[in-house]
Structure formats: C-alpha cells, structure tokens
Amino acid sequence: MFSHLVIFWTDPDNPAAADELIAGANEYLKPIPGVLHFHAGKMVPSPRAVVDQSYQAALHVIFPNKQAHDDYQVHPLHLEFIEKILQRVCRKIVVYDFE
C-alpha cells in the first residue's frame, strides 16, 4: 500500500479557494485508475496544540503500490488538475508519501 498525502495552503484573497480545490480534486483526481481510497477535505480546527492549523485543505490518496502512484502523477487528469485548479487557487503545497 502507498499513501500520498498533500497539504494545501490556498490563496487568502479567494475565500472560496478551499472549496474550489476540493471540488476540482473530486472531479479530476478521484476517477484516475489505481486509486483505492480518496479523501479531500478542509482543515478541522482543534484546541490541541500539536495539530497544525495553518493549512486550508488536504488530500489523502491510497494506491496499491508505488507504481500506481507514479502512473497517477503523469495521468492527463492529474496534469489538468494542476493546470486548471491547483495553480490558480494554491499558494503552497507539501507532500508526504509513505508505504
């Protein structure tokens, strides 16, 4: 199993940026072959100091293996998501990949 976790900091001048990002992820990324689990959502506020609350949205995708992840990265829908959504609404991203 291969997990791909992406943390997004959206454009502070666009109050709808997180919603647009999540909608775009569901439209473009969720249907890509090889995805076993897909979850995109907004940051949930927490009173716990250990919880990072500086970001606005996150994406967690689980693949059966690293090759499926690598195929996802170059899939035309992923590239379209980057061009049409990500570049427009995000200011920073951080990726965590793990097996």
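Values quoted throughout were computed directly from the atomic coordinates according to the rules given, and no laboratory measurement underlies them. Owing to the predicted nature of the structure, the values given are computational and were not obtained by experimental measurement. Don't worry about glycine lacking a Cβ; one is built from the backbone with ideal geometry, like all the others, and counts go over all protein chains shown.
A few comments on the model shown:
- Scanning region 24-38 turns up one or more residues that are within 11 Å of the chain's Cα centre (by Cα), closer than 20 Å to PHE2 by Cβ and among the basic types (Lys, Arg).
- Qualifying residue in region 21-30 (condition: closer than 22 Å to LEU77 by Cβ and among the polar types (S, T, N, Q)): yes
- Looking across region 2-34, the residues that are within 18 Å of ASN65 (Cα to Cα) and in contact with a strand residue (DSSP E or B) (Cβ under 6 Å, 6 or more places away or on another chain) come down to PHE2, SER3, HIS4, LEU5, VAL6, LYS30, GLY34.
- Residue list for region 1-44, filter: in contact with a Cys (Cβ under 9 Å, 6 or more places away or on another chain) and among the hydroxyl-bearing types (Ser, Thr, Tyr): THR10
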